[in-house]
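The values are calculated or read from the model by the stated rules, or taken from the named source; none is laboratory data. Predicted, not measured: the structure shown is a model, and the values here were computed from it. Ideal geometry is used to build each Cβ from the backbone, glycine not excepted, and the neighbour counts take in all protein chains shown. When the accessible area is computed, the model is the full protein with side chains, heavy atoms only, and any ligands, DNA or RNA have been set aside. Shrake-Rupley method; radii C 1.70, N 1.55, O 1.52, S 1.80 Å.
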Amino acid sequence: MSSVRILMVTLSSSLPRNHGLSLCSPQSSSIGFRSFRRSYVAASSSAFANENREFVIVGGGNAAGYAARTFVEHDMANGRLCIVSKEAYAPYERPALTKGYLFPLDKKPARLPGFHTCVGSGGERQTPDWYKEKGIEMFYEDPVTGIDIEKQTLTTNSGKQLKYGSLIIATGCTASRFPDKIGGNLSGVHYVRDVADADSLISSLEKARKVVVVGGGYIGMEIVAAAVGWKLDTTIIFPEKHLLPRLFTPSLSKRYEELYQENGVKFLKGASIKNLEAGSGGHIAAVKLEDGSAIEADTVIIGIGAKPAVGPFEMLGLNTNVGGIQVDGQFRTSAPGIFAIGDVAAFPLKMYDRVARVEHVDHARRSAQHCIKALLSAQTHTYDYLPYFYSRVFEYEGSPRKVWWQFFGDNVGETIEIGNFDPKIATFWVDSGKLKGVLLESGSTEEFELLPKLARSQPSVDKAKLQNASSVGEALNIARTSLQV
């Protein structure tokens, strides 16, 4: 089996490691970006399933929800906007599915409608009734399977024909899966991308004794922490040498691995999986490794990354370096009047002069807002995104230690680690004397607010002073002072 890859931001396999977590090498695109607004063509009302045809959003995740809000803010939604989605629910904050949604049933787990967009950023909770009140037409559980660019029409799985004037593709990603031939579709094997997936996993956790999580990245770490809350025998398996290698340094990973081990989690690092074995009833029974050993399991969760859900939109032009649909700084695709936002978009990362595809809720929100503002107003400036990642785990009631880290910037250059994880630790990335990125665990509100200022400004810092800081607070003050020089 090929090595498991945990993907938060897709990187070209040809890039050297020192190009960092979030960014991809420059990619010249053959796509010419033409006029972004396409005229709406009227058609007989009986010919198409949607009444709202001026703007159509394909997708039902974070990006779709924040795009809808931006249309409403510009008074351009009522009677004009239609959303078509494979989801059974109105857009919701997807990160909850591997965090609060998986809490044990006696520890106040998150449930809809509690985490519909846009509550994750402090906005209004956009329930199904909200969309009705705003005059937004919704099509649920009916993914788009075809597009006719010339006729400006979409075909859905049920056979509906939808008309659009401007089209916003917000289809996100699909979970990378194990092949069926090695047991990837066995009963008791789970992937988490939507509410139905999470519900299925919870049903298994209620009966589970031995849980195996495959993948030592972002999602794997969150799901393992949730399984600990269920007081289950839990093992995490991944092929790399340490947790989250695309971001964490070996020493930082060691701190987190020790915390997980204190909570009873067993680690199998540097391990390759041969196949998943079924028991006599066809349910998962064990994870078999390439070395011939086997780990007993009645529930297995696969968290090995995701793939952009390009679907029928491949003809718009894909970025072969990072995957996804190639767009410009306004999220325009190669076809007039068609845009792509969120996880599925390969966009120019202005501050690092590279092309990236970012799989994170923060980018989903911001790209949606930027795209719709550009579509509806005179906004012409290029999207200028600062890479940001975070995780919050062990936050259920009764947990002895809650974990919350944030990272901003680019993880390139030399690393300087300050603190002992009791309770704080910070890692600074310094390249050619400039502060490029910073990660902070268990910071205060004021400390977390400093991080994006540092990462965007990339100030020159005194490495010796930073290395000799006696605490995280002192190190952050040194970095803060560098902003004023």
Excluding ligands, DNA and RNA, what is the solvent-accessible area per residue of the chain at a probe of 1.4 Å, expressed in Å²? 40 Å²
Aspartates and glutamates within cross-link reach of Lys436: Cα-Cα under 15 Å, excluding same-chain residues under 8 positions apart? Asp353, Asp410, Glu414, Glu417, Asp462
Excluding ligands and nucleic acids, what accessible area in Å² is computed for Arg80 using a 1.4 Å probe, to the nearest 10? 80 Å²
Cα-Cα over 30 Å, subset of Lys274/Lys350; Lys132/Lys163; Lys99/Lys424; Lys134/Lys402: Lys274/Lys350; Lys134/Lys402
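So how strong a dipole does region 47-171 carry about its Cα centre when Lys and Arg Cβ are +1 and Asp and Glu Cβ are -1, to the nearest 20 debye?
Values: 15 positive and 15 negative charges, 72 e Å.
The calculation lands at about 340 debye.
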Just the accessible area for Arg94, please: 1.4 Å probe, Å², rounded to the nearest 10? 60 Å²
Leading residue at positive end of dipole, the chain (Cβ point charges), from Pro336, Gly215, His370: Pro336
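Chymotrypsin sites (Phe, Trp or Tyr not before Pro) within region 49-144: which are DSSP loop residues with at most 15 other Cβ atoms inside 10 Å? Don't skip to the answer; put the middle values down first.
On the way: sites: Phe55, Tyr66, Phe71, Tyr89, Tyr92, Tyr101, Phe115, Trp130, Tyr131, Phe139, Tyr140; in loops: Tyr89, Phe115, Tyr140.
When the chymotrypsin sites (Phe, Trp or Tyr not before Pro) of region 49-144 are filtered for loop state and at most 15 Cβ neighbours within 10 Å, Tyr140 remain.
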Region 55-179 pair-distance distribution - Cα-Cα, 10 Å bins, rounded %: 12, 41, 32, 12, 2, 0
So which GluC sites (Glu not before Pro) in region 255-319 are both in a DSSP loop and have at most 14 other Cβ atoms within 10 Å of their Cβ? Glu290
What residue among His116, Gly146, Ser204 has its Cα farthest toward the positive end of the dipole of region 95-210, where the charges are +1 on Lys, Arg and -1 on Asp, Glu, each on the Cβ? Ser204
Leaving ligands, DNA and RNA out of it, work out the accessible area of Asp422 with a 1.4 Å probe and give it in Å² to the nearest 10. 120 Å²
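Based on the alpha-carbon gyration tensor of the chain and its eigenvalue square roots a ≥ b ≥ c, which shape applies: rounded if a/c is under 1.5, prolate if not and a/b is larger than b/c, or oblate? Don't jump to the answer; show the numbers that get you there.
Numbers: a/c = 1.73, a/b = 1.22, b/c = 1.42.
Oblate, because a/c is 1.5 or more while a/b does not exceed b/c.
Could you give the length gained on full extension between Trp404 and His283, defined as 0.36 nm per residue of separation minus the Cα-Cα distance, in nm?
Working: separation 121, 0.36 × 121 = 43.56 nm, distance 3.51 nm.
Roughly 40.0 nm would be gained on extension.
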Would you work out which of Ser280, Phe248, Thr320 lies farthest towards the positive end of the dipole of the chain? Charges go on Cβ: Lys and Arg +1, Asp and Glu -1. Thr320
To the nearest 20 debye, what is the magnitude of the charge dipole of region 417-471 about its Cα centre, counting +1 on the Cβ of each Lys and Arg and -1 on the Cβ of each Asp and Glu? 300 debye
Based on the Cβ-Cβ distance of Glu206 and Lys274, what FRET efficiency does E = 1/(1 + (r/R0)^6) give at R0 = 25 Å, to the nearest 0.05? 0.30
Report the calculated FRET efficiency for Lys463 and Glu51 (r = Cβ-Cβ distance, R0 = 56 Å), to the nearest 0.05. 0.35
Pop a pseudo-label 7 angstrom from the Cα along the beta-carbon direction at both Lys434 and Glu262 and give the gap in nm to one decimal. 3.8 nm
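Top to bottom by accessible area (1.4 Å), largest first, where do Asp180, Asp148, Asp410 land?
Numbers: Asp180 110, Asp148 55, Asp410 5 Å².
Sorted descending by solvent-accessible area, the residues read Asp180, Asp148, Asp410.
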Any idea what the dipole of the chain comes to, in debye rounded to 20, about its Cα centre with Lys/Arg Cβ at +1 and Asp/Glu Cβ at -1? 600 debye
For Gln379, project a label point 7 Å along Cα to C-beta. Then give me every residue of region 59-91 with its amide nitrogen under 16 Å of that point. 63-77
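Calculate the FRET efficiency for Thr145 and Arg480 from the Cβ-Cβ distance with a Förster distance of 45 Å, rounded to the nearest 0.05. Each step should come with its number before you reach the end.
Details: r = 52 Å, r/R0 = 1.16.
So the FRET efficiency works out to roughly 0.30.
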